[in-house]
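For reference, the structure discussed in these notes is given below.
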Amino acid sequence: MNKLKLVLLIGIVSVYSITLQAQYIIEQLEYNIPLNYELVPEDVELENPIEEARFFLQVSDSKLRDMSQKEFGDIEMIASTIYIDGDNFTVESSSQEEGKTTVIFNQNKGIIYYVIWAQEKIYVISDEDMAGIQKGVNAAMLKVMEQLPPELQEQAKMATQNNNKQQITATGREMVKYGQKCSEYFVEDEEDVMVIWAAEDTMGLLAKVKSMSEKLAELFPGMEEEERDEWEVIAGKIPVETRSYHSNGMEGAEIEVQAITRITKTKPSADKFILPAEAVGFQRSSFKEMMGEMQELLQGMEEGFE
């Protein structure tokens, strides 16, 4: 499945609003490491997912990758560069699976352009599109809740209220990550376990993150953040590297790594915030058409498993 398309479907704003600030260039790297259980010593028993998460999150990234490649092969790296100027941003990404993609947010027009270079296609996503999809999601969730027994409805409400209760522990360890002096924090809640290497904010970055998130919320009303915002976990610090444990049931578990490899406080070139000349002749499609294509893709995958 086209991973970036899926990200856009479930909420492109929630994905990118956490990493945006004015007049910066940010380079990022993301990858998932499938876990190789040969790393677990014979005398160590991991009795539940929490214990497993704690163990693997303390293993070095290099060792995790080496052992994972031994069993599963090469790990796909997704490299991204984010350009921000005022209320506009552009995200350029590249990976083996997706190839080159570009996301351009035009604040004045309230439009997101999503360019898939290999397909020579541009998806145009408006604020009305995002409001419409959020309305549909809210209606579907309400319908599901209404069909639950009263006791399960109460449990679901409590789970939502407790979702943000996190236990944050400073381990005392320090390390230079991507040129920045970082401190290690262990973060745990009812659903996830992660390690964050955070650096002091010396460039006014956190204030810009909050400002941009608020502006995007105004442009795309109803699009609330569903996933944890790593920028808000460690007060006053930048999450330079976040390592999260995820269990995929029968497919095993993996460590998701998100790293900010470089931050440059500078004004990007103005041409970064308009459609590139090379993409002018590309085929244009609407958000509705993109959703239809995704539904066809998902249906084809389901038929393939039958």
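The values are calculated or read from the model by the stated rules, or taken from the named source; none is laboratory data. All of these numbers come straight from a predicted model, not from anything done at the bench. With ideal geometry, Cβ positions are generated from the backbone for all residues, glycine too; neighbour counts draw on all protein chains shown. All accessible areas refer to the heavy atoms of the entire protein, side chains included, with ligands and DNA or RNA removed. Shrake-Rupley method; radii C 1.70, N 1.55, O 1.52, S 1.80 Å.
Scanning the range 175-193 for residues that are of a type in the set (D, E, K, R), at pLDDT 95 or above and surrounded by fewer than 15 Cβ atoms within 10 Å (Cβ to Cβ) gives a single hit, 181. Within the range 195-208, the set of residues being open to solvent by less than 10 Å² (accessible area, probe 1.4 Å) and at pLDDT below 90 comprises just one member, 205.
Grab the strands (runs of 3 or more DSSP E) fully contained in the range 32-141, keeping just those with 3 or more residues being buried (at least 16 other Cβ atoms within 10 Å of the Cβ) and more than 19 Å from the chain's Cα centre (by Cα).
Values: elements: 78-85, 88-95, 99-106, 111-116, 121-126.
Answer list for the range 32-141: 121-126.
Applying the criterion of being under 30 Å from residue 69 (Cβ atoms) and aliphatic (A, V, I, L, M) to the residues of the range 259-297, the residue that is modelled with the lowest pLDDT is 297. For the range 266-292, the tally of residues that are part of a helix (DSSP H, G or I), farther than 12 Å from residue 117 by Cα and open to solvent by less than 60 Å² (accessible area, probe 1.4 Å) stands at 6. If the condition is being among the hydrophobic types (A, V, I, L, M, F, W, C), modelled with pLDDT of 80 or more, more than 17 Å from the chain's Cα centre (by Cα) and part of a loop (DSSP other than H, G, I, E, B), then the range 210-258 contributes 234, 235.
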